[in-house]
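Heads up, the thing below is written out as structure tokens.
We did not get these values from a lab; they are worked out from the coordinates using the rules stated. Keep in mind it's a predicted model, so treat the numbers as computed, not measured. Counting neighbours? That spans all protein chains shown, and the Cβs are built from the backbone with ideal geometry, glycine included.
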């Protein structure tokens, strides 16, 4: 729902919750060790309910109709392959495959259901070496951050705040939070005090009592094995310093939904900032309340575009009109709650700004809430169609929507009727 207020538009955030689907099967007895396949006779309930693996084991279960030739063999091969690919994610897959075995084969008279399992302890042993290597690299990164902080007088304490971690084009998510915690732990062993980011901070300049802000980026490296690179930068006001990068196999980190991988939004020249209170790394839980803040370092005409999903739709949600936003005057774009409106759990905000109205191009005429044509929303989501004259000041901010155990303290909102978005006037 969109509520206007003197050049300031408040809205309900519009992002999608991606359902996590699991397979249903009948509970089976657990055992401490897996040594051989168990074949059970036909049971009408054998392939429904919850299939529970032995204690201490990963599992994947495959279902194949008995009408298929070699149904059991096909189900077993599929289960083994799925488990291998889920655990290795393209890294040391042959070693992982050695630890996978078929534990239970059964059928319900209509289909064969086969469970493949792998010891959690043995899988962890495969990744112990790269895990230790990442910890060592992050320890070096923490020391480099400590050395990059300004000299301090006796009794002063240097402190840094960890801000967003952009993972494959979007801020936050399970992998970003995992890396945030890994770096936070490494900084704990260095001579650096870490602080939480204060509420109502726009992202421009430094928060109070903070010597620097650290931001990170995760990207996938090309090659046969699935390796990730995480780079970090230290920001001290207008000074931005690259701190290098660390590499690690994707398999040792939580997975990130590939559906949420996005082209990066413009980063701008540092003269415009957009920020909100969020989870570590920059995500929001479904139903989480937050507030969006905007600030500029020079007088600028500003328009803020809200894009949701994979560019399925977009709204113009803030306009400074014919006036320029005064510098260093933080503006709240209102409080909002993250709710779903798309199958892709991503929401993005794009700032189009410039010293003159002419530089805003067709966006100059937008002064009230309006709905972007879908083709324009899709183009802006890919970083296109921003007027060239405004590109130096264009910048984006986005987040992933999270759910599940990590969001148990946030009450998910009731289903929202967002059909009224279609009733908003078109921007053009």
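The calculated FRET efficiency for the pair residue 97 and residue 240, based on their C-beta separation and a Förster distance of 51 Å, comes to about 0.70.
Here the extension length gained between residue 69 and residue 55 equals 1.8 nm, from 0.36 nm per residue of separation less the Cα-Cα distance.
Using packing as a proxy for protection, rank 190-202, 159-171, 348-360 so that the peptide with the highest average count of other Cβ atoms within 10 Å comes first.
On the way: 190-202: 15.3, 159-171: 23.3, 348-360: 21.2.
Result, highest mean first: 159-171, 348-360, 190-202.
Between helix 128-148 and the chain there is an angle of about 20 degrees, using the helix long axis and the longest principal axis of the Cα atoms.
Find how many whole Å separate the alpha carbon centroid of segment 313-391 from the alpha carbon centroid of segment 209-251. If we compute the Cα centre of each part, the gap is 27 Å. The alpha-carbon atoms of segment 142-219 define a convex hull whose volume equals 105 cubic angstrom per residue.
Modelled label positions at residue 261 and residue 322, each set 7 Å beyond Cα in the direction of Cβ, lie 4.8 nm from each other.
Based only on other Cβ atoms within 10 Å, what is the fewest-to-most ordering of 58, 301, 329?
329, 58, 301
Across segment 192-212, the residues whose backbone nitrogen lies under 20 Å from the label position 7 Å along the beta-carbon direction of residue 144 are 192-194, 211-212. If you sort the three axes of the alpha carbon gyration tensor as a ≥ b ≥ c, you get a/c of 1.5 or more for the chain and a/b no higher than b/c, which makes it oblate.
Please say if segment 182-306 is rounded, prolate or oblate, where rounded means a/c under 1.5 for a ≥ b ≥ c the square roots of the C-alpha gyration tensor eigenvalues, and otherwise the choice is prolate for a/b larger than b/c and oblate otherwise? The partial results should precede the final answer.
Values: a/c = 1.63, a/b = 1.32, b/c = 1.23.
Prolate.
With each label modelled as a point 7 angstrom along the Cα→C-beta vector, the residue 85-residue 135 pair spans 3.2 nm. Rounded to the nearest 10 degrees, the inclination of helix 71-88 to the longest alpha-carbon principal axis of the chain is 40 degrees.
Could you tell me whether segment 236-356 comes out rounded, prolate or oblate from its Cα gyration tensor? Rule is a ≥ b ≥ c as square roots of the eigenvalues, rounded for a/c under 1.5, then prolate if a/b exceeds b/c, otherwise oblate. Provide the component values of the computation, followed by the final result.
Details: a/c = 2.02, a/b = 1.34, b/c = 1.51.
Cα axes put segment 236-356 in the oblate bin.
Panel order for 261, 399, by other beta carbons found within 10 Å of each beta carbon, from fewest to most: 261, 399.
Report, in deg cm²/dmol and to the nearest 500, the calculated mean residue ellipticity at 222 nm for the chain, where each DSSP H run with n ≥ 4 adds -39500 (n - 2.57) and the sum is divided by the residue count. Intermediate results must be reported in sequence, preceding the final value.
Numbers: 6 runs with 74 residues, N = 428.
After summing the helix terms and dividing by residue count, I get -5500 deg cm²/dmol.
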